[in-house]
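A quick write-up on the structure given underneath.
The values are calculated or read from the model by the stated rules, or taken from the named source; none is laboratory data. Just so it is clear, the model here is predicted, and its values are computed rather than measured. Note that each Cβ is placed from the backbone with ideal geometry, even for glycine, and that neighbours are counted across all protein chains shown. To get the accessible areas, we keep the full protein, side chains included, count just its heavy atoms, and leave off ligands, DNA and RNA. Shrake-Rupley method; radii C 1.70, N 1.55, O 1.52, S 1.80 Å.
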Amino acid sequence: MRKETVEQKVYQLIKNAILRRQIAPGNQLFESAIAAKVNASRTPIRSAISKLEAEGLVDVIPNKGAFIVQPTMEEMIQAFKMRKVLEEMAIREGYSKLVKTHIELLKSHTEEMSKAFEAGEMLVYHEQNKAFHLVMANASGNRYLIGFMDKILNQITIYMILYDVFSENDENDLLEHHQMIQLIEMNDVESLLEVVTKHLNHSLAKLEDDKLKYQSLTKLF
């Protein structure tokens, strides 16, 4: 098996296991165990782990090893504080540049979130949620804002996937998305900013509660 194939196989195997919550945050990834499992050298294993680290899914600690990312509550709070600043900037810069296509995108992402919620498809739900919150930044045309929004949303999406417990509370989340769209159509930007802040506060509170409930899951390796 070629190195690229082994690297890609290991990368996808670990990534899928993390996103499907088959291995819990904080679990260590042992290179030797993975190498033995896929019958390969440790070089492509390290490359796969480095890629996962770059995506925010794995933490590599010198002299200790690689671990599934396990954010502290303080780190998650910091991420949400940064996101609030970026979301407000996105609205301030992108709101006046919204066109019909952007509104249709917001509605489409919300509809797909609703379908995913009904089907219990958590990964799809969070992917569509991320896309929804990127629409305003994309409308701004500010490539730095778009880049930072994409990065913070990626990280928070990982946190939500790792700890989120799908529940009836997500119905409130969907209602807030519909409310945001309604306020955009009503041309009420100040109320929109208030709802977005409330929405992020609710998401953080749910994440904090779910993190406390999280139980260790099956180890992959």
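So that you can scan it fast, the table gives a plain yes or no per residue for (1) crowded, with 20+ Cβ neighbours inside 10 Å; (2) over 18 Å from the mean Cα position of the chain (by Cα); (3) not hydroxyl-bearing (Ser, Thr, Tyr):
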| site | (1), (2), (3) |
| --- | --- |
| Tyr95 | no, yes, no |
| Glu111 | no, yes, yes |
| Met122 | no, no, yes |
| Phe132 | yes, no, yes |
| Met149 | yes, no, yes |
| Leu153 | yes, no, yes |
| Asp173 | no, no, yes |
Having 3 or more residues that are open to solvent by less than 10 Å² (accessible area, probe 1.4 Å) and within 16 Å of Ile158 (Cβ to Cβ) is the bar; report the helices (runs of 4 or more DSSP H) wholly within the range 1-61 that clear it.
3-19
Can you confirm whether Glu74 is crowded, with 20+ Cβ neighbours inside 10 Å and in a helix (DSSP H, G or I)?
no
Touching a residue at least 12 places away in the same chain (Cβ under 8 Å) and either more than 20 Å from the chain's Cα centre (by Cα) or within 30 Å of Leu193 (Cβ to Cβ) (or both), is that true of Ala36?
no
Considering only residues that are polar (S, T, N, Q) and over 21 Å from Gln78 (Cβ atoms), look in the range 185-204 and name the one that is surrounded by the fewest Cβ atoms within 10 Å (Cβ to Cβ).
Asn187
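Please verify whether Met160 is closer than 30 Å to Phe67 by Cβ and in contact with a Ser or Thr (Cβ under 9 Å, 6 or more places away or on another chain), treating the condition exactly as stated.
yes
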